[in-house]
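Following: one structure in structure tokens, then a few remarks.
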Amino acid sequence: MKVAGFTIVRNALLYDYPVVEAIRSILPVCDYMVVAVGKSEDDTLELIKGIGDLKIHIIETEWDDSMREGGQVLAAETNKALAAIPAEFDWCFYIQADECVHEVDLPAIRSGMERWLEDDNTEGLLFDYRHFYGSFDFIGLSRRWYRREVRIIRNDKHIRSYRDAQGFRYFDSPDGKGRKLRVRRLPAYIYHYGWVKHPEAQQRKQLNFNRLWHNDEKVRSMVGEQKDYAYDGREPLERFRGKHPAVMRPRIEAVNWRFRGDPTMADWSLKDRLSNWIEKTTGWRPGEYKNYVLLE
């Protein structure tokens, strides 16, 4: 079994992406790693080169920022990285620049890839998510956070990144819509840190990132023009009682801001309260969007 990782990144230093940690978190289960580095306003290319691992193969790209509708540029860049993976590899492990895998989950991830390697009906592998918000101490609970997503796919060139690169689909028909992948669920987590960074860096990121979907006027109305991002102190949260991936611990120890959210003041809508109760009671999340078909 041969595994290739892949990711995309641009302006990692400017927007404080933990991309080095993301890459290092999956390298132990990868034989090859493609990093598509977009033309940046900072030293992102040197940052990636500085990892110094022979598994890493960098391709330099230029993002088409005119592809704003639905975040299409993210899928386009992801597909560039995916296309650069040689045919000899069986599985392709996607990690975004603000995601990490915990080292304790690596054996289960490898075991899953081995288990379903010869099962052609399995086109991808599904991970559970932990979305951190405002602080490394809290996980988001509201319905806006997706519970699961596909991060390992077959090395099949019919499989491509979908919409804004959150997931993947199989494209084999002229309608261009693609079909959902048939996947198996792994007993493993993706740790998502996109909403944990210094308020200044978060503000820069939000102003830039939302431009991948909206025009400048819309972005200003959404994010504002203040120096620091205003984290929502009423966001429904729960305290994280576990341990973070080892690759993230130096970053966590260097935290130089204070999140002022208060989970006890969470602003739950009646609909979210009901949905949360049903999920805790039955394991089913009403109205959940699933861009995959889960195999038993």
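The values are calculated or read from the model by the stated rules, or taken from the named source; none is laboratory data. Please read these numbers as outputs of a predicted model, since none were measured by experiment. For neighbour counting, all protein chains shown are included, and Cβ atoms are generated from backbone atoms with ideal geometry for every residue, glycine included.
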(message) Of everything in segment 118-139, what is within 15 Å of the chain's Cα centre (by Cα) and not aliphatic (A, V, I, L, M)? Give them in sequence order.
(response) Phe127, Asp128, Tyr129, Arg130, His131, Phe132, Tyr133
(request) Name the one entry in Val29, Val35, Val20 that is aliphatic (A, V, I, L, M) and over 16 Å from the mean Cα position of the chain (by Cα). (result) Val29
(request) Give the residues of segment 54-78 that are farther than 18 Å from Ala97 by Cβ and either hydroxyl-bearing (Ser, Thr, Tyr) or in a strand (DSSP E or B) (or both), sorted by residue number. (result) Ser66
(request) Starting from segment 64-75, take each residue that is more than 12 Å from Gln166 (Cβ to Cβ) and at pLDDT below 80 and list its partners that are of a type in the set (D, E, K, R) and loosely packed, with under 15 Cβ neighbours inside 10 Å, counting only C-beta distances under 9 angstrom and pairs at least six apart or across chains. (result) none
(request) From (1) without any contact (Cβ under 8 Å) to a residue 60 or more places away in the chain; (2) touching a Cys at 6+ places or on another chain (Cβ under 7 Å), pick out the condition that doesn't hold for Ala22. (result) (1)
(request) Kindly list, by first and then second residue, each pair from a residue in segment 145-170 that is free of Cβ contacts under 8 Å to residues at least 60 places away in the same chain to a residue that is outside any strand (DSSP E or B) and surrounded by fewer than 19 Cβ atoms within 10 Å (Cβ to Cβ), limited to pairs with Cβ atoms under 6 Å and residues at least 6 apart or on different chains. (result) His158/Phe171; His158/Asp172; Tyr170/His158; Tyr170/Gly178
(request) Check whether at least one residue in segment 63-80 is closer than 20 Å to Val3 by Cα, out of contact with any Gly (no Cβ under 9 Å at 6 or more places or on another chain) and surrounded by fewer than 21 Cβ atoms within 10 Å (Cβ to Cβ), and report yes or no. (result) yes
(request) For Leu54, indicate whether it is surrounded by 17 or more Cβ atoms within 10 Å (Cβ to Cβ) and among the aliphatic types (A, V, I, L, M). (result) no
(request) Among residues belonging to segment 160-179 that are in a strand (DSSP E or B) and over 18 Å from the mean Cα position of the chain (by Cα), point out the one that is nearest to Val9 (Cα to Cα). (result) Tyr170
(message) Need pairs with beta-carbon distance below 8 Å; first residue in a loop (DSSP other than H, G, I, E, B) and within segment 80-92, second surrounded by fewer than 17 Cβ atoms within 10 Å (Cβ to Cβ) and hydrophobic (A, V, I, L, M, F, W, C); sequence gap 6+ or separate chains.
(response) Ala84/Ile59; Asp90/Met1; Asp90/Leu117
(message) Checking the conditions here, which among Val183, Val196 is modelled with pLDDT of 90 or more, among the β-branched types (Val, Ile, Thr) and under 16 Å from the mean Cα position of the chain (by Cα)?
(response) Val196
(request) Could you tell me whether Glu235 is at pLDDT below 90, surrounded by 15 or more Cβ atoms within 10 Å (Cβ to Cβ) and of a type in the set (Asp, Glu)? (result) yes
(request) Could you pull out every one of the helices (runs of 4 or more DSSP H) wholly within segment 180-296 that has 2 or more residues that are in contact with a helix residue (DSSP H, G or I) (Cβ under 7 Å, 6 or more places away or on another chain)? (result) 199-209, 216-223
(request) Kindly indicate the residue of segment 253-267 that is touching a residue at least 12 places away in the same chain (Cβ under 8 Å) and exposed (fewer than 15 other Cβ atoms within 10 Å of the Cβ) and also nearest to the chain's Cα centre (by Cα) among those meeting that condition. (result) Val255
